[in-house]
Amino acid sequence: MKDIFTHRTLKNGINLFIHSTDKFKTNTFCIFIHQNLKKETATMTALLPFVLKRGTQNFPTSRHISLYLENLYGADMGGDILKRGERQILQFFLETVNPKYIRGKDIMDDSLNVFKELVLNPVLEDGGFKEAYVEQEKDVLKRSIESLYNDKFNYAIERCFQEMCKDEAFSIYKYGNVEDLEKIDKSNLYSYYLECIYKCPMDFFVLGDVDEDDVACRIEKLFDFHRHAEKTVNSTCFKKEITKEKIVEENQDVNQGKLSMGFRTNTRYGDDDYYALMVYNGILGGGPHSKLFQNVREKAGLAYYAFSKLEKNKGLMLIGCGIDFSNFDRAVGIIKEQLEDIKAGKISNYEFDSTVKSIISSLKETADSPSMIISLYLDGIINGVRESTEDMIKKIQSVSKDDVRKVAQKIELDTIFFLNKK
(Lines give C-alpha, C1' and ligand atoms only; values in the text may rest on other atoms or scores of the structure.)
Protein backbone atom coordinates (compact mmCIF):
# COMPACT_ATOMS: atom_id res chain seq x y z
CA MET A 1 0.00 0.00 0.00
CA LYS A 2 1.57 3.26 -1.16
CA ASP A 3 1.44 6.26 1.17
CA ILE A 4 1.11 9.24 -1.19
CA PHE A 5 2.14 11.81 1.45
CA THR A 6 5.55 11.76 3.07
CA HIS A 7 5.36 12.59 6.77
CA ARG A 8 7.87 14.69 8.68
CA THR A 9 7.63 16.23 12.13
CA LEU A 10 8.93 19.77 12.58
CA LYS A 11 11.02 20.61 15.63
CA ASN A 12 8.01 22.14 17.38
CA GLY A 13 5.82 19.07 16.82
CA ILE A 14 3.83 20.21 13.76
CA ASN A 15 3.13 17.28 11.44
CA LEU A 16 4.14 18.06 7.86
CA PHE A 17 2.62 16.00 5.03
CA ILE A 18 3.95 16.58 1.50
CA HIS A 19 2.70 15.04 -1.75
CA SER A 20 4.85 16.00 -4.72
CA THR A 21 2.94 15.57 -7.98
CA ASP A 22 3.04 17.19 -11.42
CA LYS A 23 -0.67 16.48 -11.92
CA PHE A 24 -1.72 20.02 -10.99
CA LYS A 25 -0.56 23.47 -12.03
CA THR A 26 -1.21 24.81 -8.55
CA ASN A 27 0.38 24.31 -5.14
CA THR A 28 -2.05 23.79 -2.27
CA PHE A 29 -1.16 24.42 1.38
CA CYS A 30 -3.50 23.51 4.24
CA ILE A 31 -3.16 23.80 8.01
CA PHE A 32 -5.50 21.87 10.30
CA ILE A 33 -5.58 22.61 14.04
CA HIS A 34 -7.42 19.87 15.95
CA GLN A 35 -9.59 20.51 19.01
CA ASN A 36 -11.96 18.34 21.01
CA LEU A 37 -15.55 19.25 20.17
CA LYS A 38 -16.85 20.73 23.43
CA LYS A 39 -19.70 23.13 24.18
CA GLU A 40 -17.38 25.32 26.27
CA THR A 41 -15.06 26.05 23.34
CA ALA A 42 -17.08 25.29 20.17
CA THR A 43 -18.24 28.87 19.54
CA MET A 44 -14.81 30.40 20.17
CA THR A 45 -13.20 27.83 17.88
CA ALA A 46 -15.75 28.62 15.17
CA LEU A 47 -15.13 32.36 15.47
CA LEU A 48 -11.34 32.21 15.19
CA PRO A 49 -10.80 31.66 11.43
CA PHE A 50 -13.20 34.46 10.55
CA VAL A 51 -11.47 36.95 12.87
CA LEU A 52 -8.04 35.88 11.60
CA LYS A 53 -9.13 36.38 7.98
CA ARG A 54 -9.90 40.03 8.65
CA GLY A 55 -6.27 41.12 8.82
CA THR A 56 -2.72 40.49 9.97
CA GLN A 57 0.05 42.63 11.46
CA ASN A 58 1.55 43.35 8.03
CA PHE A 59 -1.75 43.24 6.12
CA PRO A 60 -4.14 44.89 8.59
CA THR A 61 -7.33 44.75 6.49
CA SER A 62 -9.04 42.29 4.15
CA ARG A 63 -8.30 44.69 1.31
CA HIS A 64 -4.56 44.62 2.05
CA ILE A 65 -4.64 40.82 1.97
CA SER A 66 -6.66 40.71 -1.27
CA LEU A 67 -4.31 43.12 -3.05
CA TYR A 68 -1.27 41.11 -1.97
CA LEU A 69 -2.85 37.85 -3.17
CA GLU A 70 -3.63 39.47 -6.53
CA ASN A 71 0.08 40.24 -6.91
CA LEU A 72 0.73 36.54 -6.30
CA TYR A 73 -1.02 35.82 -9.61
CA GLY A 74 -4.48 35.50 -8.05
CA ALA A 75 -3.64 33.25 -5.10
CA ASP A 76 -6.60 32.18 -2.94
CA MET A 77 -6.42 32.05 0.85
CA GLY A 78 -8.95 31.59 3.64
CA GLY A 79 -10.16 29.61 6.62
CA ASP A 80 -13.16 27.71 7.95
CA ILE A 81 -14.31 25.17 10.53
CA LEU A 82 -14.60 21.41 10.00
CA LYS A 83 -16.38 18.83 12.13
CA ARG A 84 -14.96 15.33 11.93
CA GLY A 85 -16.66 12.98 14.37
CA GLU A 86 -16.10 14.54 17.77
CA ARG A 87 -13.30 16.82 16.59
CA GLN A 88 -13.67 20.46 15.68
CA ILE A 89 -10.91 21.50 13.30
CA LEU A 90 -9.63 24.94 12.37
CA GLN A 91 -8.79 24.88 8.67
CA PHE A 92 -6.60 27.39 6.82
CA PHE A 93 -5.78 27.06 3.13
CA LEU A 94 -3.69 28.71 0.44
CA GLU A 95 -3.70 27.88 -3.26
CA THR A 96 -1.16 29.44 -5.61
CA VAL A 97 -0.03 28.94 -9.18
CA ASN A 98 3.05 26.72 -9.28
CA PRO A 99 6.20 28.91 -9.62
CA LYS A 100 7.33 26.69 -12.51
CA TYR A 101 4.69 28.39 -14.67
CA ILE A 102 5.91 31.90 -13.85
CA ARG A 103 9.02 32.94 -15.73
CA GLY A 104 11.81 34.26 -13.58
CA LYS A 105 9.88 34.58 -10.34
CA ASP A 106 9.74 32.25 -7.36
CA ILE A 107 6.63 33.18 -5.36
CA MET A 108 6.92 30.30 -2.89
CA ASP A 109 8.40 32.35 -0.03
CA ASP A 110 6.01 35.25 -0.61
CA SER A 111 3.08 32.81 -0.57
CA LEU A 112 4.20 31.05 2.59
CA ASN A 113 4.90 34.38 4.28
CA VAL A 114 1.34 35.63 3.83
CA PHE A 115 0.03 32.21 4.91
CA LYS A 116 2.10 32.44 8.09
CA GLU A 117 0.71 35.95 8.63
CA LEU A 118 -2.86 34.67 8.42
CA VAL A 119 -2.34 31.91 10.98
CA LEU A 120 0.28 33.34 13.35
CA ASN A 121 0.34 37.16 13.15
CA PRO A 122 -3.16 38.56 13.72
CA VAL A 123 -3.99 42.25 14.15
CA LEU A 124 -3.77 43.07 17.87
CA GLU A 125 -4.77 45.96 20.13
CA ASP A 126 -4.39 46.29 23.91
CA GLY A 127 -3.22 42.70 24.33
CA GLY A 128 -6.09 41.13 22.39
CA PHE A 129 -7.61 40.90 18.93
CA LYS A 130 -8.88 44.06 17.27
CA GLU A 131 -12.22 44.70 18.98
CA ALA A 132 -14.05 45.90 15.87
CA TYR A 133 -13.13 42.71 13.98
CA VAL A 134 -14.24 40.47 16.85
CA GLU A 135 -17.61 42.22 17.28
CA GLN A 136 -18.31 42.30 13.55
CA GLU A 137 -17.46 38.62 13.10
CA LYS A 138 -19.54 37.68 16.16
CA ASP A 139 -22.51 39.28 14.43
CA VAL A 140 -21.78 37.44 11.17
CA LEU A 141 -21.42 34.11 13.01
CA LYS A 142 -24.66 34.76 14.91
CA ARG A 143 -26.53 35.23 11.64
CA SER A 144 -24.87 32.12 10.21
CA ILE A 145 -25.96 29.98 13.18
CA GLU A 146 -29.49 31.38 13.05
CA SER A 147 -29.74 30.82 9.29
CA LEU A 148 -29.71 27.06 9.87
CA TYR A 149 -33.31 27.38 11.12
CA ASN A 150 -34.39 28.65 7.69
CA ASP A 151 -32.52 25.92 5.83
CA LYS A 152 -35.05 23.18 6.55
CA PHE A 153 -33.16 20.50 4.63
CA ASN A 154 -30.01 20.82 6.76
CA TYR A 155 -31.95 21.80 9.88
CA ALA A 156 -33.76 18.43 9.92
CA ILE A 157 -30.45 16.58 9.52
CA GLU A 158 -28.76 18.58 12.30
CA ARG A 159 -31.73 18.16 14.65
CA CYS A 160 -31.81 14.42 14.08
CA PHE A 161 -28.14 14.10 15.01
CA GLN A 162 -28.68 16.37 18.04
CA GLU A 163 -31.51 14.19 19.35
CA MET A 164 -29.68 10.99 18.51
CA CYS A 165 -26.42 12.05 20.20
CA LYS A 166 -27.93 14.11 23.03
CA ASP A 167 -25.32 13.11 25.62
CA GLU A 168 -22.40 13.02 23.17
CA ALA A 169 -20.10 15.74 21.86
CA PHE A 170 -21.28 15.03 18.31
CA SER A 171 -24.57 16.79 19.09
CA ILE A 172 -22.74 20.15 19.17
CA TYR A 173 -23.16 22.27 16.03
CA LYS A 174 -19.85 22.94 14.28
CA TYR A 175 -20.37 26.72 14.50
CA GLY A 176 -21.30 26.64 18.19
CA ASN A 177 -24.33 28.48 19.59
CA VAL A 178 -25.62 32.04 19.82
CA GLU A 179 -25.76 32.13 23.65
CA ASP A 180 -22.01 31.63 24.03
CA LEU A 181 -21.20 34.46 21.60
CA GLU A 182 -22.19 36.97 24.28
CA LYS A 183 -19.37 35.75 26.56
CA ILE A 184 -16.65 36.24 23.94
CA ASP A 185 -14.52 39.38 23.84
CA LYS A 186 -11.25 40.36 22.18
CA SER A 187 -9.16 39.32 25.23
CA ASN A 188 -10.55 35.87 26.06
CA LEU A 189 -10.73 34.97 22.36
CA TYR A 190 -7.06 35.89 21.91
CA SER A 191 -6.06 33.86 24.99
CA TYR A 192 -7.95 30.89 23.57
CA TYR A 193 -6.30 31.40 20.16
CA LEU A 194 -2.85 31.19 21.78
CA GLU A 195 -3.86 27.97 23.53
CA CYS A 196 -4.90 26.46 20.18
CA ILE A 197 -1.71 27.56 18.42
CA TYR A 198 0.62 26.38 21.17
CA LYS A 199 -1.11 23.24 22.46
CA CYS A 200 -3.46 21.71 19.86
CA PRO A 201 -2.23 19.08 17.38
CA MET A 202 -1.43 20.75 14.05
CA ASP A 203 -1.15 19.18 10.59
CA PHE A 204 0.42 21.06 7.67
CA PHE A 205 -0.29 19.71 4.16
CA VAL A 206 1.51 20.57 0.92
CA LEU A 207 0.32 19.21 -2.42
CA GLY A 208 1.81 20.19 -5.78
CA ASP A 209 4.83 19.98 -8.04
CA VAL A 210 7.37 20.76 -5.32
CA ASP A 211 10.78 19.61 -4.19
CA GLU A 212 9.94 17.95 -0.88
CA ASP A 213 13.20 18.77 0.89
CA ASP A 214 13.12 22.36 -0.32
CA VAL A 215 9.54 23.08 0.74
CA ALA A 216 10.06 21.31 4.08
CA CYS A 217 13.10 23.50 4.75
CA ARG A 218 11.15 26.69 3.93
CA ILE A 219 8.24 25.71 6.17
CA GLU A 220 10.58 24.70 9.01
CA LYS A 221 12.16 28.17 8.95
CA LEU A 222 8.91 30.12 8.68
CA PHE A 223 6.87 28.14 11.21
CA ASP A 224 9.67 27.71 13.75
CA PHE A 225 7.82 28.96 16.82
CA HIS A 226 7.83 27.40 20.28
CA ARG A 227 4.95 25.06 21.08
CA HIS A 228 4.07 23.33 24.34
CA ALA A 229 3.26 19.66 24.85
CA GLU A 230 0.27 18.80 22.68
CA LYS A 231 -3.08 18.08 24.27
CA THR A 232 -4.85 14.83 23.43
CA VAL A 233 -7.65 15.06 20.91
CA ASN A 234 -10.11 12.18 20.95
CA SER A 235 -11.53 10.06 18.14
CA THR A 236 -14.50 8.53 19.87
CA CYS A 237 -16.87 5.91 18.44
CA PHE A 238 -19.63 5.96 21.05
CA LYS A 239 -21.18 2.54 21.72
CA LYS A 240 -24.85 2.74 22.58
CA GLU A 241 -27.29 -0.06 23.28
CA ILE A 242 -30.57 0.63 21.50
CA THR A 243 -33.65 -1.05 22.92
CA LYS A 244 -36.23 1.02 21.07
CA GLU A 245 -36.04 3.70 18.40
CA LYS A 246 -36.78 7.25 19.52
CA ILE A 247 -39.33 9.36 17.59
CA VAL A 248 -39.09 13.14 17.82
CA GLU A 249 -41.55 15.48 16.09
CA GLU A 250 -41.11 19.22 15.73
CA ASN A 251 -43.77 21.54 14.35
CA GLN A 252 -42.99 24.59 12.23
CA ASP A 253 -44.55 26.66 9.50
CA VAL A 254 -43.23 24.51 6.62
CA ASN A 255 -44.62 23.49 3.22
CA GLN A 256 -43.10 20.01 3.20
CA GLY A 257 -42.39 17.39 5.86
CA LYS A 258 -38.71 16.65 6.47
CA LEU A 259 -38.03 13.11 7.64
CA SER A 260 -34.60 12.20 9.02
CA MET A 261 -33.72 8.76 10.37
CA GLY A 262 -30.48 8.34 12.30
CA PHE A 263 -28.69 4.99 12.58
CA ARG A 264 -25.74 3.55 14.49
CA THR A 265 -23.66 1.63 11.94
CA ASN A 266 -21.23 0.28 14.57
CA THR A 267 -18.62 0.59 11.81
CA ARG A 268 -16.33 3.53 11.18
CA TYR A 269 -13.52 4.39 8.81
CA GLY A 270 -10.57 2.14 9.59
CA ASP A 271 -12.68 -0.93 10.42
CA ASP A 272 -12.30 -3.98 8.16
CA ASP A 273 -15.90 -3.81 6.98
CA TYR A 274 -16.00 -0.06 6.32
CA TYR A 275 -15.90 -0.48 2.52
CA ALA A 276 -18.76 -2.97 2.70
CA LEU A 277 -20.64 -0.25 4.61
CA MET A 278 -19.88 2.25 1.82
CA VAL A 279 -21.41 -0.13 -0.71
CA TYR A 280 -24.36 -0.75 1.63
CA ASN A 281 -24.99 3.01 1.85
CA GLY A 282 -24.80 3.33 -1.95
CA ILE A 283 -27.29 0.52 -2.49
CA LEU A 284 -29.63 1.98 0.10
CA GLY A 285 -29.64 5.66 -0.86
CA GLY A 286 -26.63 6.64 -2.94
CA GLY A 287 -28.25 7.68 -6.20
CA PRO A 288 -30.99 7.05 -8.79
CA HIS A 289 -30.23 3.31 -8.78
CA SER A 290 -30.70 2.99 -5.00
CA LYS A 291 -33.51 1.29 -3.12
CA LEU A 292 -34.69 4.51 -1.48
CA PHE A 293 -34.85 6.40 -4.77
CA GLN A 294 -36.52 3.58 -6.66
CA ASN A 295 -38.99 2.40 -4.02
CA VAL A 296 -39.76 5.43 -1.86
CA ARG A 297 -39.56 8.16 -4.50
CA GLU A 298 -40.31 6.52 -7.86
CA LYS A 299 -42.62 3.55 -7.22
CA ALA A 300 -44.50 4.76 -4.14
CA GLY A 301 -44.28 8.44 -5.10
CA LEU A 302 -43.88 9.37 -1.44
CA ALA A 303 -40.76 11.51 -1.44
CA TYR A 304 -39.55 14.60 -3.27
CA TYR A 305 -36.04 13.41 -2.48
CA ALA A 306 -34.64 10.38 -0.66
CA PHE A 307 -31.01 9.68 0.21
CA SER A 308 -28.72 8.11 2.78
CA LYS A 309 -25.28 9.29 3.88
CA LEU A 310 -22.54 8.14 6.25
CA GLU A 311 -20.70 9.97 9.01
CA LYS A 312 -17.63 7.79 8.76
CA ASN A 313 -15.64 9.26 11.64
CA LYS A 314 -18.42 8.67 14.17
CA GLY A 315 -20.03 5.50 12.81
CA LEU A 316 -23.43 6.98 11.97
CA MET A 317 -25.77 6.91 8.99
CA LEU A 318 -28.65 9.21 8.14
CA ILE A 319 -31.61 8.76 5.79
CA GLY A 320 -33.31 11.95 4.62
CA CYS A 321 -36.62 12.36 2.78
CA GLY A 322 -38.90 15.24 1.86
CA ILE A 323 -42.50 13.99 2.14
CA ASP A 324 -46.10 15.15 2.38
CA PHE A 325 -47.14 15.51 6.03
CA SER A 326 -49.69 12.67 5.79
CA ASN A 327 -47.17 10.17 4.45
CA PHE A 328 -45.00 9.81 7.56
CA ASP A 329 -46.09 6.28 8.59
CA ARG A 330 -46.10 4.91 5.06
CA ALA A 331 -42.70 6.39 4.22
CA VAL A 332 -41.10 5.03 7.41
CA GLY A 333 -42.64 1.62 6.70
CA ILE A 334 -41.28 1.41 3.14
CA ILE A 335 -37.83 2.64 4.26
CA LYS A 336 -37.72 -0.10 6.89
CA GLU A 337 -38.62 -2.64 4.19
CA GLN A 338 -35.54 -1.59 2.20
CA LEU A 339 -33.34 -2.05 5.27
CA GLU A 340 -34.73 -5.52 5.85
CA ASP A 341 -34.28 -6.48 2.20
CA ILE A 342 -30.57 -5.68 2.34
CA LYS A 343 -30.25 -7.59 5.63
CA ALA A 344 -31.81 -10.57 3.87
CA GLY A 345 -29.38 -10.23 0.96
CA LYS A 346 -32.05 -9.06 -1.51
CA ILE A 347 -29.69 -7.01 -3.65
CA SER A 348 -30.03 -7.02 -7.44
CA ASN A 349 -27.02 -7.09 -9.74
CA TYR A 350 -28.13 -3.69 -11.06
CA GLU A 351 -28.18 -2.14 -7.57
CA PHE A 352 -24.83 -3.66 -6.62
CA ASP A 353 -22.95 -2.98 -9.87
CA SER A 354 -24.34 0.56 -10.22
CA THR A 355 -23.28 1.36 -6.65
CA VAL A 356 -19.73 0.06 -7.09
CA LYS A 357 -19.36 2.00 -10.36
CA SER A 358 -20.75 5.16 -8.75
CA ILE A 359 -18.37 4.98 -5.75
CA ILE A 360 -15.35 4.30 -7.97
CA SER A 361 -16.32 7.21 -10.22
CA SER A 362 -16.58 9.52 -7.18
CA LEU A 363 -13.19 8.40 -5.89
CA LYS A 364 -11.61 9.04 -9.29
CA GLU A 365 -13.13 12.55 -9.29
CA THR A 366 -11.68 13.07 -5.82
CA ALA A 367 -8.23 12.25 -7.17
CA ASP A 368 -8.59 15.23 -9.53
CA SER A 369 -9.06 17.75 -6.72
CA PRO A 370 -6.17 18.79 -4.45
CA SER A 371 -8.52 19.86 -1.65
CA MET A 372 -10.43 16.56 -1.78
CA ILE A 373 -7.22 14.50 -1.80
CA ILE A 374 -6.12 16.36 1.34
CA SER A 375 -9.57 16.03 2.95
CA LEU A 376 -9.63 12.26 2.42
CA TYR A 377 -6.12 11.90 3.80
CA LEU A 378 -7.07 14.01 6.83
CA ASP A 379 -9.90 11.56 7.55
CA GLY A 380 -7.32 8.81 7.35
CA ILE A 381 -5.03 10.51 9.87
CA ILE A 382 -7.94 10.93 12.29
CA ASN A 383 -8.79 7.24 12.02
CA GLY A 384 -5.28 5.81 11.83
CA VAL A 385 -5.51 4.90 8.13
CA ARG A 386 -2.92 5.66 5.43
CA GLU A 387 -4.24 4.95 1.94
CA SER A 388 -4.62 6.55 -1.47
CA THR A 389 -7.73 6.73 -3.65
CA GLU A 390 -6.27 3.84 -5.66
CA ASP A 391 -6.15 1.76 -2.46
CA MET A 392 -9.77 2.69 -1.73
CA ILE A 393 -10.90 1.70 -5.22
CA LYS A 394 -9.26 -1.73 -4.88
CA LYS A 395 -11.04 -2.27 -1.56
CA ILE A 396 -14.40 -1.26 -3.05
CA GLN A 397 -13.84 -3.68 -5.92
CA SER A 398 -13.21 -6.52 -3.45
CA VAL A 399 -16.55 -6.08 -1.64
CA SER A 400 -19.13 -8.81 -2.29
CA LYS A 401 -22.91 -8.86 -1.87
CA ASP A 402 -22.44 -11.13 1.13
CA ASP A 403 -20.11 -8.58 2.73
CA VAL A 404 -22.89 -6.01 2.35
CA ARG A 405 -25.44 -8.39 3.86
CA LYS A 406 -23.15 -9.00 6.85
CA VAL A 407 -22.47 -5.32 7.57
CA ALA A 408 -26.23 -4.68 7.33
CA GLN A 409 -26.77 -6.84 10.43
CA LYS A 410 -24.84 -4.31 12.56
CA ILE A 411 -26.92 -1.28 11.61
CA GLU A 412 -29.45 -0.11 14.19
CA LEU A 413 -32.13 2.56 13.93
CA ASP A 414 -31.67 5.02 16.78
CA THR A 415 -33.79 8.13 16.16
CA ILE A 416 -36.55 9.26 13.80
CA PHE A 417 -36.93 13.04 13.53
CA PHE A 418 -39.90 14.54 11.69
CA LEU A 419 -40.28 18.22 10.91
CA ASN A 420 -44.07 18.55 10.62
CA LYS A 421 -46.44 21.44 9.95
CA LYS A 422 -48.03 23.40 12.78
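Quick check on LYS152: is it on the phi < 0 side of the Ramachandran plot and surrounded by 19 or more Cβ atoms within 10 Å (Cβ to Cβ)? No, not satisfied.
The condition of being closer than 18 Å to VAL206 by Cβ and at pLDDT 95 or above holds for only one of PHE17, PHE59, PHE50, that being PHE17. Being without any contact (Cβ under 8 Å) to a residue 40 or more places away in the chain and polar (S, T, N, Q) is true of SER362. Selection over the range 304-347 of residues that are within 26 Å of TYR377 (Cβ to Cβ) and either surrounded by fewer than 20 Cβ atoms within 10 Å (Cβ to Cβ) or not hydroxyl-bearing (Ser, Thr, Tyr) (or both) gives a count of 11.
Taking the criterion of being among the polar types (S, T, N, Q) and closer than 16 Å to CYS217 by Cα, the residues of the range 8-26 that qualify are THR9, ASN12, ASN15, SER20. Listed by position, the helices (runs of 4 or more DSSP H) contained in the range 186-298 that have at least 1 residues being of a type in the set (Gly, Ala, Ser), in contact with a Ser or Thr (Cβ under 9 Å, 6 or more places away or on another chain) and closer than 30 Å to GLN338 by Cβ are 274-285.
Within the range 250-269, being in contact with a strand residue (DSSP E or B) (Cβ under 6 Å, 6 or more places away or on another chain) and either hydroxyl-bearing (Ser, Thr, Tyr) or not assigned by TED's automatic domain parsing to the domain that holds GLY384 (or both) holds for SER260, THR265. Counting only residues that are of a type outside the set (Ser, Thr, Tyr), touching a residue at least 40 places away in the same chain (Cβ under 8 Å) and over 22 Å from ALA169 (Cβ atoms), the range 256-276 holds 6 of them. Among the residues of the range 367-409, those identified as among the β-branched types (Val, Ile, Thr) and within 17 Å of the chain's Cα centre (by Cα) are ILE373, ILE374, ILE381, ILE382, VAL385. Across the range 76-110, the qualifying residues are those that are among the small types (Gly, Ala, Ser) and at pLDDT below 95, and the one among them that is nearest to THR26 (Cα to Cα) is GLY104.
Going by the conditions given, is ILE145 free of Cβ contacts under 8 Å to residues at least 40 places away in the same chain and over 22 Å from the mean Cα position of the chain (by Cα)? I'd like the intermediate steps shown before the answer.
On the way: free of Cβ contacts under 8 Å to residues at least 40 places away in the same chain: yes; over 22 Å from the mean Cα position of the chain (by Cα): no.
For ILE145, the condition - free of Cβ contacts under 8 Å to residues at least 40 places away in the same chain and over 22 Å from the mean Cα position of the chain (by Cα) - is not met.
Scanning the range 14-43 for residues being under 29 Å from ILE107 (Cβ atoms) and either of a type in the set (Lys, Arg) or exposed (fewer than 15 other Cβ atoms within 10 Å of the Cβ) (or both) gives a total of 4.
Hey, among the residues in the range 111-124 that are among the hydrophobic types (A, V, I, L, M, F, W, C) and not in a helix (DSSP H, G or I), which one's farthest from the chain's Cα centre (by Cα)?
So in the range 111-124, the residues among the hydrophobic types (A, V, I, L, M, F, W, C) come out as 112, 114-115, 118-120, 123-124.
Subsequent filtering for residues that are not in a helix (DSSP H, G or I) retains 123-124.
Details: VAL123: 28, LEU124: 30 Å.
Result: LEU124.
For the range 39-76, filtering for residues that are over 17 Å from ILE89 (Cβ atoms), aromatic (Phe, Trp, Tyr) and either under 28 Å from the mean Cα position of the chain (by Cα) or in a helix (DSSP H, G or I) (or both) leaves 1.
Tell me yes or no: at least one residue of the range 319-342 is in a loop (DSSP other than H, G, I, E, B), free of Cβ contacts under 8 Å to residues at least 40 places away in the same chain and in contact with a helix residue (DSSP H, G or I) (Cβ under 9 Å, 6 or more places away or on another chain). There is no residue in the range 319-342 that is in a loop (DSSP other than H, G, I, E, B), free of Cβ contacts under 8 Å to residues at least 40 places away in the same chain and in contact with a helix residue (DSSP H, G or I) (Cβ under 9 Å, 6 or more places away or on another chain).
The values are calculated or read from the model by the stated rules, or taken from the named source; none is laboratory data. A quick note: this is a predicted structure, and the numbers were derived from the prediction, not measured. Glycine also receives a Cβ, built like all others from the backbone with ideal geometry; neighbour counts cover every protein chain displayed.
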